[in-house]
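Structure first, then comments.
The values are calculated or read from the model by the stated rules, or taken from the named source; none is laboratory data. Just so it is clear, the model here is predicted, and its values are computed rather than measured. Here Cβ is always computed from backbone atoms with ideal geometry, including for glycine, and neighbour counts include all displayed protein chains. For the accessible areas, the whole protein counts, side chains as well, though only heavy atoms, and no ligand, DNA or RNA atoms are used. Shrake-Rupley method; radii C 1.70, N 1.55, O 1.52, S 1.80 Å.
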Amino acid sequence: MSRLEGKLCIVTGAARGIGHAIARRFHAEGARLVMTDIDEAAGTAAAEKLGADFLLLDVREEEHWDELARPHPACDVLVNNAGVTGFEGAPAAHDPENASLAEWHAVHRTNLDGTFLGCRYAIRAMKAKGDGSIINVSSRSGLVGIPGAAAYASSKAAIRNHSKSVALYCAQQGWRIRCNSVHPAAILTPMWEALIGDGPDREAKMAAMVADTPLRRFGTTEEVAAMVAYLAADESAYVTGSEFTIDGGLLAGSAASPGD
């Protein structure tokens with residue numbers, strides 16, 4: 001596995017979850033890996049285990065992207081993975097009627113502004129070579145409405161559209177800089193683990209949470225990382241402005257269980 005050998009690959013939000021799985025896959029594929037995260041302690045520990053470089057990066061802050069550009073004025077692959085749901089702190093209303101403007105802005109500032117700044121950095125870092133891959137992690141929630149998480153759904157939908165704008169802009173300039181988005185659904189990450197717990201009803205809870213998914217199971221972070229690795233590699237050189245759902249068939253419709 002050396003599809004990314006010699007490529008400088010930067011992954012945001014790489015300390016845990018999907019971002020960490022992407023970092024592990026990139027490392028296995030031979031990438032020169034730079035992991036970033038807002039959590040310096042967790043990010044440093046994760047990077048040390050892989051023998052990767054780590055940089056503190058708050059994707060919301062333009063100055064942080066400028067600091068990243070100093071040691072890395074050029075890169076081959078950027079994965080804009082860092083994101084929030086808005087539910088990380090105290091419970092708050094996120095429906096269209098009761099969500100506060102402050103909560104709305106907070107989610108968009110990380111998810112959308114962070115992706116915009118990352119794409120802008122990547123274009124500038126890739127245009128001299130005229131080649132590269134930008135991969136933006138959106139969500140199944142960016143393709144359908146989520147009444148109880150309006151800000152999150154809106155931000156992820158905007159990432160989907162911005163990815164297409166970036167792809168078209170780069171093609172318009174004559175660069176081989178590609179930009180695509182991936183849209184995971186129920187992927188078993190620490191966020192879901194907190195909801196499921198480790199009690200005797202764990203399996204029942206998991207089954208209930210994926211009851212409407214045709215494949216009847218959670219996806220894994222490794223499955224998302226496999227798709228991202230394909231988009232990072234040269235074998236996807238003709239793929240740009242596209243979106244890839246990783247959802248167990250959820251958006252395809254409904255499927256009756258065998259024997260129904």
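A few comments on the model shown:
- Phi angles of the range 129-135 translate, via the Karplus equation with coefficients 6.51, -1.76, 1.60 and θ = phi - 60°, into HN-Hα couplings of 7, x, 8, x, 9, 10, 10 Hz per residue; Gly and Pro are given as x.
- Mean accessible surface per residue for the chain, computed with a 1.4 Å probe while every protein chain stays in place, in Å²: 48
- A straight chain from Asn98 to Gln172 at 0.36 nm per residue would run longer than the Cα-Cα distance by 22.5 nm.
- Taken over the chain, lysine pairs spaced eight or more positions apart, or on distinct chains, with alpha carbons under 24 Å apart number 7.
- Fully extending the segment from Glu88 to Arg216, taken as 0.36 nm per residue of separation minus the present Cα-Cα distance, adds 43.4 nm.
- About its Cα centre, the dipole of the chain is roughly 800 debye, where the only charges are +1 on Lys and Arg Cβ and -1 on Asp and Glu Cβ.
- Sequentially through the range 20-31, phi angles give Karplus couplings (6.51, -1.76, 1.60; θ = phi - 60°) of 5, 5, 4, 4, 4, 5, 4, 4, 5, 8, x, 6 Hz, Gly and Pro residues having no value and appearing as x.
- Carbon + sulfur, % of accessible area of the chain - ligands and nucleic acids excluded, 1.4 Å: 54
- The calculated FRET efficiency for Arg202 paired with Ala252, based on their beta-carbon distance and R0 = 35 Å, is about 0.80.
- Per residue convex hull volume, Cα atoms of the chain, in Å³: 149
- A Förster distance of 45 Å, applied to the separation of the beta-carbon atoms of His105 and Asp234, puts the FRET efficiency at 0.70.
- Per-pair calculated FRET efficiency, R0 = 45 Å: Ala28 and Glu62 via Cβ, rounded to 0.05: 0.90
- Table column - 3J(HN,Hα) (Hz), the range 155-161, Karplus curve with 6.51, -1.76, 1.60, x for Gly and Pro: 5, 6, 5, 5, 4, 4, 6
- Distant-in-sequence amide contacts of Leu57, defined by a placed amide H-H separation under 5 Å and a gap of 5 or more residues or a different chain, comprise Asp37, Ile38.
- Gain on full stretching of the segment that runs from Ser165 to Arg120 - 0.36 nm per residue minus C-alpha separation: 15.0 nm
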